[in-house]
1. Hey, could you check the range 442-461 for residues that are in contact with a helix residue (DSSP H, G or I) (Cβ under 9 Å, 6 or more places away or on another chain) and touching a residue at least 60 places away in the same chain (Cβ under 8 Å) and say which is nearest to residue 321 (Cα to Cα)?
2. With respect to residue 193, is the statement that it is assigned by TED's automatic domain parsing to the domain that holds residue 147, in contact with a helix residue (DSSP H, G or I) (Cβ under 6 Å, 6 or more places away or on another chain), under 30 Å from residue 68 (Cβ atoms) and without any contact (Cβ under 8 Å) to a residue 24 or more places away in the chain true?
3. Select from the range 37-57 the residues that are in contact with a helix residue (DSSP H, G or I) (Cβ under 9 Å, 6 or more places away or on another chain) and either modelled with pLDDT of 95 or more or assigned to a loop (DSSP other than H, G, I, E, B) (or both) and list them in ascending order.
4. Yes or no: residue 116 part of a loop (DSSP other than H, G, I, E, B) and at pLDDT 95 or above?
5. Residue check: is residue 257 free of Cβ contacts under 8 Å to residues at least 24 places away in the same chain and either part of a loop (DSSP other than H, G, I, E, B) or in contact with a strand residue (DSSP E or B) (Cβ under 7 Å, 6 or more places away or on another chain) (or both)?
6. Which condition does residue 438 not pass, out of (1) modelled with pLDDT of 95 or more; (2) part of a helix (DSSP H, G or I); (3) farther than 27 Å from residue 299 by Cα, if it passes all the others?
7. If you take the residues in the range 162-190 that are free of Cβ contacts under 8 Å to residues at least 40 places away in the same chain, within 29 Å of the chain's Cα centre (by Cα) and part of a helix (DSSP H, G or I), which one is surrounded by the fewest Cβ atoms within 10 Å (Cβ to Cβ)?
């Protein structure tokens with residue numbers, strides 16, 4: 001089975017979110033299962049240093065966009081696990097400080113052209129390699145047009161007769177919406193700009209192109225695959241997703257168990273396992289000392305939060321319960337950046353409770369690992385969460401999560417209060433401050449019963465969130481996608 005991953009970001013080469021983690025980790029597990037996996041992504045400014053030694057595969061390739069012919073180059077490198085990865089070079093489009101836009105000016109105005117070029121270059125890559133995948137695995141709106149080009153153009157090329165497309169929705173809120181005049185740049189047939197195609201309320205939706213034209217759709221958790229078929233979470237696309245529900249699967253993301261492993265993690269001061277948790281106490285001690293918590297803090301439950309400071313991540317709930325939370329016998333550390341108003345509110349609260357609340361407006365990989373290892377309880381009150389990774393890291397590090405029962409959080413955490421013999425964390429089911437606070441209080445109460453708490457920790461650490469489990473599910477999807485009959489689409493000859 002030949003799989004080509006097409007993604008706008010791949011860890012560790014370029015990353016803004018969980019998409020990069022999936023595109024960087026899943027291929028390795030697929031390779032172990034015997035797949036011939038390769039990856040294609042843009043050559044951003046920061047990629048050259050991360051990629052190490054790369055060689056020119058094909059130069060001066062012409063990619064038409066509207067009335068322009070762009071000249072691009074494709075470079076070849078290898079991931080740490082030896083997987084071939086190809087980088088699309090076009091300096092005027094990708095040689096920038098940020099991937100999709102700047103924090104000050106917002107999204108880049110030429111994002112449509114940037115990802116039309118990337119999408120059209122996929123076929124040129126296959127021709128240059130003389131290698132044709134059985135499945136194109138596409139990720140989020142930046143690659144949605146690849147599905148349209150494949151179904152409307154490329155599938156009539158004899159090289160792609162046995163190929164199929166799988167499109168993964170990492171977060172349906174990001175849809176790649178652009179003005180209607182952008183459609184002309186795609187050079188797709190006029191029928192593609194319709195309700196049955198990529199038109200969405202008068203605009204071009206690159207995400208919708210992926211949803212309409214891909215053979216099979218996946219999301220990053222089973223619960224999220226159901227949620228996006230509802231008005232609350234579908235962002236206007238719930239009707240289409242309901243129509244395609246027979247071709248939609250939810251597969252829970254995995255985590256890199258080599259990077260996130262408390263037994264071998266080089267970024268924490270002491271390693272530990274489910275057989276010996278003493279190292280976790282050492283991690284908590286070091287964390288409390290680094291954050292200047294009072295000496296008696298070691299006896300109190302330490303709560304941790306890591307992530308983007310946004311209402312989607314539940315920080316609106318946190319702000320409302322913080323005054324009551326600070327009255328409890330707990331300490332809290334928050335690591336992340338995001339909304340300036342949330343930052344300001346947290347900063348003001350931290351000044352009021354300097355011995356109980358520490359907020360660090362940055363992202364520090366080493367500190368993130370230390371918080372996962374040193375905290376006792378991890379808070380993830382997200383309004384919605386397609387998958388989430390930190391709750392999985394927390395479970396692996398015996399840091400018990402408190403989560404809103406949504407998306408991947410609901411799929412990956414078993415509620416202790418509902419299933420005391422198998423529970424691994426605490427859930428609240430109504431997205432409201434009091435429900436969140438009550439769930440945190442339940443976790444604190446359970447923390448004080450050391451025997452029960454250790455049982456929960458043991459169960460948490462025993463959970464399997466490796467990519468190997470997810471990879472087997474993806475292979476089933478690939479087989480379905482590459483074997484589907486494609487009918488009813490007018491033949492195109494201008495490949």
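1. Within the range 442-461, the match that is nearest to residue 321 (Cα to Cα) is 447.
2. Judged against the criteria, residue 193 is a match.
3. Matches in the range 37-57: 37, 38, 39, 40, 41, 42, 43, 44, 45, 54, 57.
4. No.
5. When the stated conditions are applied, residue 257 does not pass them.
6. Failed condition: (3).
7. 180
Residue by residue, here is whether (1) surrounded by fewer than 23 Cβ atoms within 10 Å (Cβ to Cβ); (2) within 24 Å of the chain's Cα centre (by Cα); (3) farther than 19 Å from residue 249 by Cβ; (4) not assigned by TED's automatic domain parsing to the domain that holds residue 39 holds:
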| site | (1), (2), (3), (4) |
| --- | --- |
| 130 | yes, no, yes, no |
| 143 | no, yes, no, no |
| 148 | no, yes, yes, no |
| 156 | yes, no, yes, no |
| 160 | yes, no, yes, no |
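The values are calculated or read from the model by the stated rules, or taken from the named source; none is laboratory data. All figures in this text were calculated on a predicted structure; none of them were measured in a lab. Virtual Cβ from ideal backbone geometry, glycine too; neighbours counted across all protein chains shown.
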